[in-house]
Structure formats: C-alpha cells, structure tokens
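The values are calculated or read from the model by the stated rules, or taken from the named source; none is laboratory data. None of the values given here were measured: they were computed from a predicted structure. As a convention, Cβ positions derive from the backbone with ideal geometry for all residues, glycine included, and neighbour counts pool all protein chains shown.
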C-alpha cells in the first residue's frame, strides 16, 4: 500500500479521503474531498476541499459527473487501492439509482486499474467504533479519537450527523478499514 482512498459514495454528497500509508492514519495526514449541491461548501478548509455539484440533465449525466469528479481526484493522487462501502442490505428509497451510480463508478475505477474492496457498512462501523450499528454521532466520536486536531463542526459550520461532515467521517472510516482490517 502507499496512496489509498476511502470513499463514502452517494448521490447527494460523496466524500473521498486520500491517505499516504507512509504516515500514521491521522486527520492531518489525509486530504478530503466532497461533492455537494450547496454553493456554501464550494471552498477549501485546509486539507478539506468542497466542490459544488455541476448541473445535470438526468440521472445518467449526474452519475457520470460524480464518477468523473472522483476518478479525477483518485488519478491526481495516484491512488491504486480503495475502500468503498458496500451495499446496505436494509436500504430503502431509490436503491436502484444508487446501484447504477456506484456501478458506473466501479466500472471507471476498474478501467483505471484501481482495485477496491466493498465491505459491508456494519463491518466498517464495527472496526471503527466497536459497534456494527453505530450511528453518525458515534462514528464522529470515533473520528475524534483518531487524531482529529480541529473542530470540524465549527470549521464546516455543520453538525456531525449532517453532510458533508458525516460523509467526511465515513470516508476516513473507509481508509481505516482498508489499512487496519486484519482480514485483508
């Protein structure tokens, strides 16, 4: 391993955590990106970079915009290995849209030679917090214990259980899973 990525994939606020495994896994050694509809977050906050989602005319263009944005970041950093949260079996709502969105992204990663794992959300939460059904607040609390040296709620003016902060937390947890899971 060297440069790896953890991805919290969604249609509303996907987030990416990039980490060089030569360094300890701490907030200050990571670079974060998120893609969101709100212009409010279209800026950088130190090592966190927000991007305003581009306009789209239909779901397929939206999926392609999101996947292309992410692939550009992964290639820029030279990522060859990633952790992408697998499907939540109890999910409801637009599950087929989510599947199409992630399927296109997986295809683009495959075309770029980026290998990836897709652990179950419960497995990631269990390793990160000790409890497989942890909520977003518990995930953020675990993030605080992993070398977080800044008040992200204040910096982003965002609660720990809302986007983009919850998505950044989950992307960090994906990197944690990738490099700390003894079963990989």
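Side notes on the structure shown:
- Candidate set: the stretch 9-28, residues that are outside any loop (DSSP other than H, G, I, E, B) and at pLDDT 95 or above; chosen: the one surrounded by the most Cβ atoms within 10 Å (Cβ to Cβ): 17
- Scan of the stretch 63-79 for residues that are surrounded by 14 or more Cβ atoms within 10 Å (Cβ to Cβ) and in contact with a strand residue (DSSP E or B) (Cβ under 9 Å, 6 or more places away or on another chain), ordered by number: 65, 66, 69, 70, 73, 74, 77, 79
- Any hit, the stretch 132-147, residues being within 26 Å of residue 20 (Cβ to Cβ), touching a residue at least 24 places away in the same chain (Cβ under 8 Å) and not in a helix (DSSP H, G or I): yes
- Candidates 98, 117, 102 - the one that is surrounded by 14 or more Cβ atoms within 10 Å (Cβ to Cβ) and in contact with a strand residue (DSSP E or B) (Cβ under 6 Å, 6 or more places away or on another chain): 117
- Considering the conditions (1) in contact with a strand residue (DSSP E or B) (Cβ under 9 Å, 6 or more places away or on another chain); (2) within 22 Å of residue 177 (Cβ to Cβ); (3) touching a residue at least 60 places away in the same chain (Cβ under 8 Å), residue 33 is excluded by exactly one of them, (3).
- Some residue of the stretch 50-62 being touching a helix residue (DSSP H, G or I) at 6+ places or on another chain (Cβ under 6 Å), at pLDDT 95 or above, surrounded by fewer than 17 Cβ atoms within 10 Å (Cβ to Cβ) and within 19 Å of residue 171 (Cα to Cα): yes
- Residue match in the stretch 35-44 (condition: surrounded by fewer than 20 Cβ atoms within 10 Å (Cβ to Cβ) and either in contact with a helix residue (DSSP H, G or I) (Cβ under 8 Å, 6 or more places away or on another chain) or under 20 Å from residue 78 (Cβ atoms) (or both)): no
Yes or no, residue by residue, for (1) assigned to a helix (DSSP H, G or I); (2) within 19 Å of residue 165 (Cβ to Cβ):
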site	(1), (2)
32	no, yes
51	no, yes
57	no, no
99	yes, no
106	yes, no
119	no, no
126	yes, no
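- Qualifying residue in the stretch 165-174 (condition: touching a helix residue (DSSP H, G or I) at 6+ places or on another chain (Cβ under 9 Å) and part of a loop (DSSP other than H, G, I, E, B)): no
- Residues within the stretch 148-164 that are closer than 18 Å to residue 45 by Cβ and not in a helix (DSSP H, G or I), tallied: 11
- Checking 73, 102 one by one, the residue that is under 23 Å from residue 176 (Cα atoms) and modelled with pLDDT of 95 or more is 73 and no other.
- Qualifying residue in the stretch 67-81 (condition: over 21 Å from residue 164 (Cα atoms), in contact (Cβ under 8 Å) with a residue 24 or more places away in the chain and part of a strand (DSSP E or B)): yes
- Leading residue by the ranking (nearest to residue 38 (Cα to Cα)) among those in the stretch 117-131 that are within 18 Å of the chain's Cα centre (by Cα) and without any contact (Cβ under 8 Å) to a residue 12 or more places away in the chain: 122
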